[in-house]
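Chemist: Mind looking over this structure? Questions follow.
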Amino acid sequence: MNRAKISKKIPVRLLATVPQAEIPVEGAASAIPLPTGPHGGQREAALRFGPYLEAVHHMLAKDDYRKLLKGLRSRLNRVVAVEEIDWLEIRTEKHGACYHVARIQVSVAGQQTPFAVNVAAIPEAREQLEREFRLLMLLNARYKNKTLPNVYFKGAGLYREKGKPVKWLHMFVAEWLRGYHEFHLHRDDRRGSNRMLLWDMDKGAHYISQRECFELYRQAARILTLYYNYHNFRQIYPWHHAAGDFVIKAKKGKIHIRLITIRDYSAVVDFSSRKRAAKLLGLIIFFLHLTVQMRVDRLDGVGQVVWAEDHCLEGTVTGFLDGWAERKKQIRKEIPSVGEVRDLLRRFSKDEWLHFLVEMLGSYTFSQEEVSLLRYHGNAHIDCLMRLLTSGV
């Protein structure tokens, strides 16, 4: 297949982001293998920097950059002609369990605009990529919460490596969240405790304060609650802090958080009834899972499964109630008020909460490590949860 024909020769620079360096992808560097991500192995297709980035460029350049121009129109709120593009920069950024992530920097009449490109290298990842693109389009159209990344277009680029069959890499182009970074619990040996570490690639990794942690958990819980459907139990799930599903921007003591991936959006609980009692039980199970899952992370994202301290729970409960109050405003009389929900949650005894905990474990998926962690902390978690609810959070 011929490469895309273009009306203008646009300069393109290919770069690889590697630890402590950024290298041009040319000559011998083109043949360097990409990292395979935290769960990579023999099942994952081996890719090399040069052909990988060329495949991204091939997808962009098709039909005289037609799809990229459409994306630029959405970003810049005006029609953009191909002749206005000064140059392109395509660089490797991340290599996750599902996708490789590249970043495009496009200069249009001197103005630089970034995009993220999620690239699937294996069939299972392609299926997830197709589903995620569809769900992001759906949820962004249905909800106007501005908490998920915008997506612009999808496509495929030819991967050509000497001596191997030509193949297609499937990908979609989305909003690049400038200034947002991953965060994970990290062992602070000086204090003898786990603290939240912001992986700020611009200013250097640093711990965030307990007040900022409260806001982190509040906003994350609010986001997930905003997308919970009271009537059919559909919700954003699965999600996990260890996977870097949320990212934050910390600026002048303020925290801003975004959810950057949607693996699925479906009902988790399996209730055949749609009566009020079933809907309330579904909401209770969703809330309880939210309080538990928010506390689970892996040290530095890949290490031992760990449990966040009690202060995160106040942020989570507050965020759930904040999100529910917003949902009530959005759909008026169709769901119970935040006051009714708060009163309901305060009504239960410890034995009833422990019963709900068992119900929750039967509905959601946890690893063996996480189940062991929950068995150890579950009793104290319910005690803390009940204190927060009765104290008027």
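Chemist: Please go through the stretch 335-353 and pick out each residue that is closer than 21 Å to residue 268 by Cα and surrounded by fewer than 13 Cβ atoms within 10 Å (Cβ to Cβ).
Modeler: 352
Chemist: Of everything in the stretch 273-307, what is part of a loop (DSSP other than H, G, I, E, B), of a type in the set (A, V, I, L, M) and modelled with pLDDT of 95 or more? Give them in sequence order.
Modeler: 294
Chemist: The conditions are (1) at pLDDT 95 or above; (2) surrounded by fewer than 16 Cβ atoms within 10 Å (Cβ to Cβ), and residue 155 fails exactly one of them. Which is it?
Modeler: In the conditions (1) at pLDDT 95 or above; (2) surrounded by fewer than 16 Cβ atoms within 10 Å (Cβ to Cβ), residue 155 misses (2) alone.
Chemist: For the stretch 246-264, which positions are crowded, with 19+ Cβ neighbours inside 10 Å and within 16 Å of residue 128 (Cα to Cα)?
Modeler: Matches in the stretch 246-264: 260, 261, 262.
Chemist: Looking at residue 317, is it touching a strand residue (DSSP E or B) at 6+ places or on another chain (Cβ under 6 Å) and in the same structural domain as residue 245 (by TED's automatic domain parsing)?
Modeler: Judged against the criteria, residue 317 is not a match.
Chemist: For the stretch 221-260: of the residues being in a helix (DSSP H, G or I) and more than 13 Å from the chain's Cα centre (by Cα), which is farthest from residue 324 (Cα to Cα)?
Modeler: For the stretch 221-260, the residue satisfying everything is 221.
Table: residues versus (1) in the same structural domain as residue 120 (by TED's automatic domain parsing); (2) of a type in the set (D, E, K, R).
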| position | (1), (2) |
| --- | --- |
| 164 | yes, yes |
| 192 | no, no |
| 195 | no, yes |
| 199 | no, no |
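Chemist: Check the stretch 335-350 and report whether any residue there is charged (D, E, K, R), part of a helix (DSSP H, G or I) and in contact with a strand residue (DSSP E or B) (Cβ under 9 Å, 6 or more places away or on another chain).
Modeler: No, the conditions are met nowhere in the stretch 335-350.
Chemist: Let me ask you something else. Within the stretch 276-313, track down each residue that is without any contact (Cβ under 8 Å) to a residue 24 or more places away in the chain and among the small types (Gly, Ala, Ser).
Modeler: Result: 277, 278, 303.
Chemist: Would it be correct to say that residue 316 is buried (at least 19 other Cβ atoms within 10 Å of the Cβ), touching a residue at least 12 places away in the same chain (Cβ under 8 Å) and polar (S, T, N, Q)?
Modeler: yes
Chemist: May I ask you to list the residues in the stretch 1-23 that are part of a strand (DSSP E or B) and at pLDDT 90 or above?
Modeler: Answer for the stretch 1-23, where residues must be part of a strand (DSSP E or B) and at pLDDT 90 or above: 12, 13, 14, 15, 16.
Chemist: Follow-up question, since we're still on this one. Going by the structure shown, is residue 328 among the charged types (D, E, K, R), surrounded by fewer than 21 Cβ atoms within 10 Å (Cβ to Cβ), touching a Ser or Thr at 6+ places or on another chain (Cβ under 7 Å) and more than 20 Å from residue 237 (Cα to Cα)?
Modeler: Yes.
Chemist: Which residue, of 91, 103, 131, is closer than 21 Å to residue 160 by Cβ and in contact (Cβ under 8 Å) with a residue 60 or more places away in the chain?
Modeler: 91
Chemist: Go through the residues of the stretch 382-392 one by one and say whether even a single one is in contact (Cβ under 8 Å) with a residue 24 or more places away in the chain and polar (S, T, N, Q).
Modeler: Among the residues of the stretch 382-392, at least one is in contact (Cβ under 8 Å) with a residue 24 or more places away in the chain and polar (S, T, N, Q), which makes the answer yes.
Chemist: Select from the stretch 354-369 the residues that are assigned to a helix (DSSP H, G or I) and touching a helix residue (DSSP H, G or I) at 6+ places or on another chain (Cβ under 9 Å) and write down the one among them that is surrounded by the fewest Cβ atoms within 10 Å (Cβ to Cβ).
Modeler: If we take residues in the stretch 354-369 being assigned to a helix (DSSP H, G or I) and touching a helix residue (DSSP H, G or I) at 6+ places or on another chain (Cβ under 9 Å), then 354 is surrounded by the fewest Cβ atoms within 10 Å (Cβ to Cβ).
Chemist: From the list 102, 121, 125, 109, exactly one residue is buried (at least 19 other Cβ atoms within 10 Å of the Cβ), out of contact with any strand residue (DSSP E or B) (no Cβ under 6 Å at 6 or more places or on another chain) and over 25 Å from residue 235 (Cα atoms). Which is it?
Modeler: The match here is 121.
Chemist: Cβ contacts < 7 Å: first residue closer than 12 Å to residue 139 by Cβ, restricted to the stretch 250-267; second residue polar (S, T, N, Q) and outside any strand (DSSP E or B), any location; separation 6+ or different chain. Result?
Modeler: Pairs that qualify, where the first residue is closer than 12 Å to residue 139 by Cβ and the partner is polar (S, T, N, Q) and outside any strand (DSSP E or B), are 259/147.
The values are calculated or read from the model by the stated rules, or taken from the named source; none is laboratory data. Values in this document were obtained by computation on a predicted structure and should not be read as measured data. Ideal geometry is used to build each Cβ from the backbone, glycine not excepted, and the neighbour counts take in all protein chains shown.
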